[in-house]
Amino acid sequence: MRTLFVSMQFAFSLVLLIGASLLAESLWHLIQSPFGFQPEHVLTFEIKLPWKRNPAAVKGFYDELQRRIEALPGIQAVGQISALPTIDWHLRSNFDVDWKPRTPHRDAVNVEDRAIGGNYFEAMRIPLLAGRYLTDADRGAKPRAVVNRQFAEQYFPNGNPIGRHIISGITSFEIIGVIGNVRGTAGSIAAPPGPEFYFLSDDGDPARSFVVRSALPPASLFRAIREQVHTIDPAQAIRNFATFDRLIDRSVAQPRFNMGLLGAFALFATILACMGIYGVVAYSVAQRSLEVGIRMALGATRKNVLYLLIKRTLLAALAGIAIGATAAALLTPLLRSELYGVEPGHPLTYLIGALLLLVPALAATIAPAAKTPPLNPGATLRTN
């Protein structure tokens, strides 16, 4: 019964270790995979003007703020967007297009759309793959738009979208550029990038987020930017000042918490399993002293005795690992929605989990047997 309990402890520990290892590997992939932009040295903040403010006043406020921030020392680029990447804000819209008809049960295209202003793509350093970026010089001209690589691959697998048109209501946007995919546009940076459509913000759009790329530490710009906003409108509030590194850190907070929680349970279960093995071996040494004395009297060496004492416990540990690996293979697919860049049945993860469990288990098995003082066969036989 003691051996069975030890085996079950090991099985439970291995399931937790494999789960924690999968989440740790997933978190590593999530942070190390390219975001599609460069978050370093970027400061972000939001402004929401009153909804009933005159469109001309809204345009004047944002244009003036854009110029003032660009004039600050150390500023490299300033951009505006309706919703920043990593922010859980969705605006997925249906559009007609000039290269395919809309059917009764299906819209032509369904994409995430974002309104931008200033030099957003340059501030975020989103790579241009074809055509050109949108700039404020495109205002007043024929409406133009930029799409991402996923849009081009999904709707133009064998062609080029530049020069084609996306139609929203009575407005027809000409596609003038293709940019790289940006993770986190629809909220989670773990979600695969979908098709995206960028156009210049409407003059009357009262809510915008700013991205400011600077050669200076972003935190040093907080006061200067706040002063510029209050110079234009003393009653205007600024929301959510943060560096983009901080936004990314927030976006991985839940995966990091999940990994830490499961890892803590795995560590606790492993410690309990090793304590159980230590107790089983120590008890076996005391319980089998007569058998050991007889074996040594018949010529067994201390090495033979040590092997005898730890063999059964190691077999119990290996049986537990086998049971745990089987259970993990059945249970870890439940973590699929929490994983990024790693499959639940990754063999290396199972191997690492087994090794992480066997090493302390081996130490806990050998330690009590090795600490047993040398037995005198004759004295042991007489005592028993």
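The values are calculated or read from the model by the stated rules, or taken from the named source; none is laboratory data. What you see is a predicted model; the values in this text were computed from it and never measured. For neighbour counting, all protein chains shown are included, and Cβ atoms are generated from backbone atoms with ideal geometry for every residue, glycine included.
Overview of results
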read-out	value
Leading residue by the ranking (surrounded by the most Cβ atoms within 10 Å (Cβ to Cβ)) among those in the stretch 12-46 that are among the aliphatic types (A, V, I, L, M) and touching a strand residue (DSSP E or B) at 6+ places or on another chain (Cβ under 6 Å)	43
Total residues in the stretch 21-52, condition of a type in the set (Lys, Arg) and either within 21 Å of residue 118 (Cα to Cα) or within 30 Å of the chain's Cα centre (by Cα) (or both)	1
Among the candidates 173, 199, residue that is more than 30 Å from residue 342 (Cα to Cα), in contact (Cβ under 8 Å) with a residue 60 or more places away in the chain, touching a strand residue (DSSP E or B) at 6+ places or on another chain (Cβ under 6 Å) and crowded, with 17+ Cβ neighbours inside 10 Å	199
First in the stretch 35-61 and at positive phi, second anywhere and of a type in the set (A, V, I, L, M, F, W, C) and outside any strand (DSSP E or B), Cβ under 9 Å, 6 or more apart	36/124; 36/126; 36/182; 41/215; 41/216; 41/244
Criterion violated by residue 159 - all others in (1) under 30 Å from residue 253 (Cα atoms); (2) at pLDDT below 85 satisfied	(1)
Criterion (β-branched (Val, Ile, Thr) and outside the structural domain of residue 127 (by TED's automatic domain parsing)) met by exactly one of 58, 97, 78, 42	42
Of residues in the stretch 307-320 being at pLDDT below 75 and crowded, with 17+ Cβ neighbours inside 10 Å, the one farthest from the chain's Cα centre (by Cα)	309
Residue within the stretch 205-228 that is surrounded by fewer than 18 Cβ atoms within 10 Å (Cβ to Cβ), small (Gly, Ala, Ser) and part of a strand (DSSP E or B) present	yes
